[in-house]
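The values are calculated or read from the model by the stated rules, or taken from the named source; none is laboratory data. Remember, it's a predicted structure, so these values are computed and weren't measured experimentally. All Cβ positions, even for glycine, are placed from backbone atoms using ideal geometry, and neighbour counts span all protein chains on display.
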Ligand SMILES: *[C@@H]1O[C@H](CO)[C@@H](O)[C@H](O)[C@H]1NC(C)=O
Ligand SMILES: *[C@@H]1O[C@H](CO)[C@@H](O)[C@H](O)[C@H]1NC(C)=O
Ligand SMILES: *[C@@H]1O[C@H](CO)[C@@H](O)[C@H](O)[C@H]1NC(C)=O
Ligand SMILES: *[C@@H]1O[C@H](CO)[C@@H](O)[C@H](O)[C@H]1NC(C)=O
């Protein structure tokens, strides 16, 4: 949670004022044709631009007229092209020499041929170019300084994959020109140029590295974040994405939020996709115009990976080969989570647990925001409201009913001699310091804090010990919520004061005591190129000053964007050790690779309809960034929700990978309003039934990479209609979720890609895509459809995943019309199960069962196969039943029936299990809906089963 810091209206080009009379600062070289290199940032005004010696052309449209009012409405804040750009004669270029080409790549030396922009610092020359054909689908292009090592994302945090040696079958060509140096990456198959730096300048200065590529107008681009983009999931030309982790509520549009993800997914004609990853953690701006994309960072090296797909899901898998595949969440984390900032005491928590139970709404995990702490000290309990004995019995009660508890932990440790976490930190000397060796003191919830240095060799031991002491002696948590880890700091960069005061335990004074002189290292505090942090804020604003030092002298300037990521890695390791199980950590700040360790929620949103809509984009983006275990604060965090909004939100939230309601002091538990409670029972009831499906979807991406919540184009890249859809999404491989997102609406227009789609709720009414359909969905309902061709494993619903886990499996067998799948294969799916919380995935307690259905002419067979074959250490639930959707008996005519009328309803259905009629099987056939419901099977599937069904007109009429 955060304090509410609304960002004022982006000052934007509002100040476009009378600058049209200065069309060019330097005459004819301010050409508006061709690539323009941005000199300012979105939000710069004319006078500031001109004072930098740059060209100011607030043009919008071909006529060159000043149309400053257009394209800048509201917070969108983007124009089509940079309005403030560098004199075009100032292009920096290098020549390539001593080029060495081998079968596995290219090595060359780049020598500066034309210096440019001295105001951003001297150019570094020579540069070393290393191009490596790492795999047939992965190309690695890296530019470094051969003489002096520069900062790079530490290997310890993000180990780079070893090249697995590409063969001659690479999907790409890497071509380059020597003078000036430029390169292209193209797709061999069709010759399409995917990335082309030729003709664009290349910068490599100490505090400014930049690379630009042409991008065709027709490309569909996704990625880059973390930001809230009201324009939707697809990137719009004119988008400047700034990446500098910041504690700013997700309710703010078009501004850098908590995490950094310089990853792009680009879909070209015909649905062929590729990815681009700029591996750099310095502050950066990425500018996308209608003709180019420019990556600019204020440090580090130019390190790019290209992933050739060709499908979007291939791109994601190839990306995750580099950043790491998503962690496997514990089963319990798939249940429903409830949180509120402002739970006053243990009694209130207990009443919330009771409220859910008596309303019959699933509740698996209770959370606590900072309220439980003693004066905002991590690892403590408030002595009065969260007194130890009460807390113990509360946690005992939760655990006895298979429920869990996740508390918040912030990185800042209160400066308070006598407080064990503070004393131990001092003793181990693990806090960040300034250049003079003084510990840095900032302010978060406690009036004065030190920040742990996650690079310190002793920090793991320190953090594990603190968490362990809290877990073992005070409150046995099940997971940890790592908040405020950008890191947030309420000390503002432009405020300074003296040294931290000597504060006694109860004698807190000087709440604005923020130590250190922010102007001391001006090249860090004031780099020559200013990224557009929060539309013009200094880098240190609301965070740890960039001149602070980590172990080994790494500056916060370089490591800021990985502060939260490195905390995540340390925390996950600690939680795994302490709980002796599969760790669950939710982190606000993330970086590429974080998904291998943590879950993520979109952050502090607002209880309004816009935020409900935007939440889908946040969730899909997190999935593209390799963090599938993600969700938004259901019903909205800030502000006051309504019965209708909260009902719509839980209907949607029940189908997001992570499902947690959270609010800022306002009680908005789901049982508080009748319509919300109804919506919750219905949607969460279905979610609980779907836990085996969801868990298996997570297992699939944990093992092979991918997304759990996906944009429609992930599965239907050839259908360009899907490129702009972000009000619907796919959950796992076979569910399409189409929520109502408008106040007062009771219908939703939903797009169905090519395929047969069955209504999940009534197991029936089917829609044939492609096409848009208007679906009825009054409050309490959410349209969800099953894609024909998939088999969805479900179990019976229950309040927690532990209850669900004890029930038999039931399969939704959604048949594809014959011919959709190769041969007679009509549907397939699988289920993965294990103990749910063991550290090891694929351990001895685990199993996978694969399902396959084949159909022909009114006959069908479902086969289950356990892989690997049965093993004594595990127990596979029995198969209880199945719903066959799209079940049709061939119409009876004189040829194959005994003279019955055409389409006779007297056809009998029989079900055999392993070749024999099953004595307890109850069969229900719904002719109108084309479904067959079989229950009562109670059949073990350890060894594989065959369930057959057939339409049989020779049975006597009953
Ligand atoms: C770069 O290449 C161009 C064209 O070949 C040449 O004119 C120029 O002298 C070269 N510059 C350097 C520094 O090698
Ligand atoms: C790259 O070079 C290869 C081999 O010389 C050539 O076949 C291909 O057409 C070139 N591609 C581009 C985009 O220049
Ligand atoms: C790359 O871009 C340059 C400049 O825009 C252009 O001249 C060149 O033809 C492009 N290369 C390819 C292979 O498309
Ligand atoms: C839909 O998919 C089927 C099977 O994959 C294919 O044969 C058909 O051409 C597709 N139809 C459209 C409209 O794309």
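Scanning region 737-785 for residues that are touching a residue at least 60 places away in the same chain (Cβ under 8 Å) and in a strand (DSSP E or B) turns up 737, 755, 756, 758, 766, 784.
Report whether or not residue 168 is farther than 22 Å from residue 321 by Cα, more than 28 Å from the chain's Cα centre (by Cα) and either outside the structural domain of residue 552 (by TED's automatic domain parsing) or within 16 Å of ligand 4 (Cβ to nearest atom) (or both). When the stated conditions are applied, residue 168 does not pass them. All of (1) under 10 Å from the mean Cα position of the chain (by Cα); (2) farther than 22 Å from residue 559 by Cα; (3) in a loop (DSSP other than H, G, I, E, B) hold for residue 583 with one exception: (1).
Scanning region 404-423 for residues being in a helix (DSSP H, G or I) and buried (at least 19 other Cβ atoms within 10 Å of the Cβ) gives a total of 2.
Which members of region 697-724 meet the condition of being within 16 Å of ligand 4 (Cβ to nearest atom) and surrounded by 18 or more Cβ atoms within 10 Å (Cβ to Cβ)?
712, 713, 715, 716, 717, 722, 723
Remark: residue 133 falls outside the filter, which requires a residue to be surrounded by fewer than 14 Cβ atoms within 10 Å (Cβ to Cβ), away from ligand 3 (no atom under 13 Å from the Cβ) and not assigned by TED's automatic domain parsing to the domain that holds residue 50.
Would it be correct to say that residue 183 is closer than 20 Å to residue 134 by Cα, within 16 Å of ligand 1 (Cβ to nearest atom) and touching a strand residue (DSSP E or B) at 6+ places or on another chain (Cβ under 9 Å)? Judged against the criteria, residue 183 is a match.
Taken together, the residues in region 206-222 that are in contact with a strand residue (DSSP E or B) (Cβ under 6 Å, 6 or more places away or on another chain) and either farther than 26 Å from residue 711 by Cα or assigned by TED's automatic domain parsing to the domain that holds residue 531 (or both) amount to 4.
Here residue 258 meets each of (1) more than 16 Å from ligand 3 (Cβ to nearest atom); (2) over 28 Å from residue 484 (Cα atoms); (3) in contact with a helix residue (DSSP H, G or I) (Cβ under 9 Å, 6 or more places away or on another chain) with one exception, condition (2). Checking each residue of region 812-823 against the condition of being crowded, with 24+ Cβ neighbours inside 10 Å, assigned to a strand (DSSP E or B) and touching a helix residue (DSSP H, G or I) at 6+ places or on another chain (Cβ under 9 Å) gives at least one match. When 632, 679 are screened for being buried (at least 24 other Cβ atoms within 10 Å of the Cβ) and farther than 21 Å from residue 229 by Cβ, only 679 passes.
So, residue 466, is that one outside any loop (DSSP other than H, G, I, E, B), modelled with pLDDT of 95 or more and out of contact with any helix residue (DSSP H, G or I) (no Cβ under 8 Å at 6 or more places or on another chain) or not? Here the answer is no, as residue 466 does not meet what is asked. Being within 16 Å of ligand 2 (Cβ to nearest atom), surrounded by fewer than 18 Cβ atoms within 10 Å (Cβ to Cβ) and in contact (Cβ under 8 Å) with a residue 12 or more places away in the chain is true of residue 190. With the condition kept exactly as written, say whether any residue in region 631-642 is touching a residue at least 24 places away in the same chain (Cβ under 8 Å) and farther than 22 Å from residue 341 by Cα. No, every residue in region 631-642 fails to be touching a residue at least 24 places away in the same chain (Cβ under 8 Å) and farther than 22 Å from residue 341 by Cα. Going through (1) outside the structural domain of residue 143 (by TED's automatic domain parsing); (2) at pLDDT 75 or above; (3) on the phi > 0 side of the Ramachandran plot one by one, residue 98 falls short only on (1). Taking the criterion of being surrounded by fewer than 23 Cβ atoms within 10 Å (Cβ to Cβ), touching a helix residue (DSSP H, G or I) at 6+ places or on another chain (Cβ under 8 Å) and more than 15 Å from residue 668 (Cα to Cα), the residues of region 348-364 that qualify are 350, 358, 360.
Among the residues of region 77-86, not a single one is at pLDDT 90 or above and touching a strand residue (DSSP E or B) at 6+ places or on another chain (Cβ under 7 Å).
Would you confirm, using the coordinates I've provided, whether residue 183 is near ligand 3 (Cβ under 10 Å from one of its atoms) and within 29 Å of residue 324 (Cα to Cα)? Against the criterion (near ligand 3 (Cβ under 10 Å from one of its atoms) and within 29 Å of residue 324 (Cα to Cα)), residue 183 qualifies. Checking each residue in region 771-787 for being surrounded by fewer than 17 Cβ atoms within 10 Å (Cβ to Cβ) and either under 28 Å from the mean Cα position of the chain (by Cα) or closer than 17 Å to residue 826 by Cα (or both) picks out only 772.
For region 193-212, the candidate set comprises residues that are free of Cβ contacts under 8 Å to residues at least 40 places away in the same chain and under 28 Å from residue 151 (Cα atoms); within that set, the residue that is farthest from ligand 3 (Cβ to nearest atom) is 197. For region 93-111, the tally of residues that are more than 16 Å from ligand 1 (Cβ to nearest atom) and surrounded by fewer than 17 Cβ atoms within 10 Å (Cβ to Cβ) stands at 6.
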